[in-house]
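Undergrad: I have a structure here, written as structure tokens, and I will follow up with some questions on it.
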Amino acid sequence: MRILVVEDEMRIANAVKKGLKQEHYAVDLAYTGTQGLDLATSETYDLILLDVMLPELDGVALCKSLREQQNHTPILMLTARDQIQDKIRGLDAGADDYLTKPFSFEELLARIRALLRRPTQMMHDVLTVDDLTLNSNDFSVKRADKTIKLSNKEYSLLDFLMRHPHQIMSKDMIINHVWDYDAEILPNTVEVTIRNLRKKIDEPFSDQPSMIQTIRGYGYRLGAA
């Protein structure tokens, strides 16, 4: 899952990014409203954390601009303001939720999970494809009732594939959803991560069909053939 954080206070932005990455999210940062709008319109995100008070373009104007462009990515507004009129302005501009600073990181995570569970996003806590199960509540992965330990990036990649079962996902689609915008992506980064994932969810289960299929020239598909 990929999140865009638009926050001009670098200390807060970096702390939020660090915390979200520990929760297996890919995170991009923007420190101005203009940068945020550029990223939000050129990249694909599952959710946007948007501060209201931003230089160059404030959060309300940014949110309104995205909605006018038919960008329906869930938006959680972050602000130090606690006046009811400020909340109304943000929600009327198209924001999905509103969180007042200072906030606990646990509450932020809960609100993010709630937004990502909305039916339009088809997000679920427990994903199951054939005999493979991923639980986003405790980050556990099991196949045939056997627990599988994954690295953060392997987990993020599997989560993305399991949210699109039996669909061909290109390398570009995988990179855009699993890696940060500023991550160092080598030509074989996706192949290496796929290979490592196969060693854990396919090779130990040689008596079962392979879960990850390579569709040469197109990408990868998850689900027994």
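The values are calculated or read from the model by the stated rules, or taken from the named source; none is laboratory data. Just so you know, these numbers come straight off a predicted model, no measurement behind them. Cβ sites come from the backbone with ideal geometry, for glycine too, and all protein chains shown count toward neighbours.
Undergrad: Could you run through segment 179-225 and say how many residues are in contact with a Ser or Thr (Cβ under 8 Å, 6 or more places away or on another chain), modelled with pLDDT under 95 and under 16 Å from Ser156 (Cβ atoms)?
TA: The total comes to 1.
Undergrad: Of all residues in segment 15-40, which are polar (S, T, N, Q) and at pLDDT 95 or above? Reasoning before the result, please.
TA: Step one: of segment 15-40, the residues polar (S, T, N, Q) are 22, 32, 34-35.
Across segment 15-40, the qualifying residues are Thr32, Thr34, Gln35.
Undergrad: Next up: Which members of segment 27-53 meet the condition of being assigned to a strand (DSSP E or B) and within 24 Å of Glu184 (Cα to Cα)?
TA: Answer for segment 27-53, where residues must be assigned to a strand (DSSP E or B) and within 24 Å of Glu184 (Cα to Cα): Val27, Asp28, Leu29, Ala30, Leu47, Ile48, Leu49.
Undergrad: While we're looking at this one, here's another question. In segment 174-184, is there at least one residue being more than 30 Å from Leu76 (Cβ to Cβ) and in contact (Cβ under 8 Å) with a residue 40 or more places away in the chain?
TA: Scanning segment 174-184 turns up no residue that is more than 30 Å from Leu76 (Cβ to Cβ) and in contact (Cβ under 8 Å) with a residue 40 or more places away in the chain.
Conditions tested, residue by residue: (1) within 16 Å of Leu222 (Cα to Cα); (2) aliphatic (A, V, I, L, M); (3) surrounded by 15 or more Cβ atoms within 10 Å (Cβ to Cβ).
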| position | (1), (2), (3) |
| --- | --- |
| Thr133 | yes, no, yes |
| Tyr155 | yes, no, yes |
| Gln167 | yes, no, no |
| Asp182 | no, no, no |
| Thr189 | no, no, yes |
| Arg195 | yes, no, no |
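Undergrad: Let me ask something additional. In segment 28-56, how many are buried (at least 24 other Cβ atoms within 10 Å of the Cβ) and either outside the structural domain of Ala114 (by TED's automatic domain parsing) or over 24 Å from Arg81 (Cβ atoms) (or both)?
TA: Matching residues across segment 28-56 total 0.
For (1) within 18 Å of the chain's Cα centre (by Cα); (2) under 30 Å from Lys18 (Cβ atoms); (3) among the charged types (D, E, K, R), each residue gets a yes or a no:
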| residue | (1), (2), (3) |
| --- | --- |
| Asn176 | yes, yes, no |
| Pro187 | no, yes, no |
| Gln208 | no, no, no |
| Gln213 | no, no, no |
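Undergrad: Please state which of the following conditions Gly217 fails to meet, knowing it meets all the rest: (1) assigned to a loop (DSSP other than H, G, I, E, B); (2) under 30 Å from Ala40 (Cα atoms); (3) touching a residue at least 40 places away in the same chain (Cβ under 8 Å).
TA: That leaves (3) as the condition not met.
Undergrad: Further question: If you take the residues of segment 197-210 that are charged (D, E, K, R) and within 17 Å of Asp130 (Cα to Cα), which of them is surrounded by the fewest Cβ atoms within 10 Å (Cβ to Cβ)?
TA: Result: Asp207.
Undergrad: Of (1) without any contact (Cβ under 8 Å) to a residue 60 or more places away in the chain; (2) in contact with a Leu (Cβ under 9 Å, 6 or more places away or on another chain); (3) acidic (Asp, Glu), Glu43 satisfies all except one. Which?
TA: (1)
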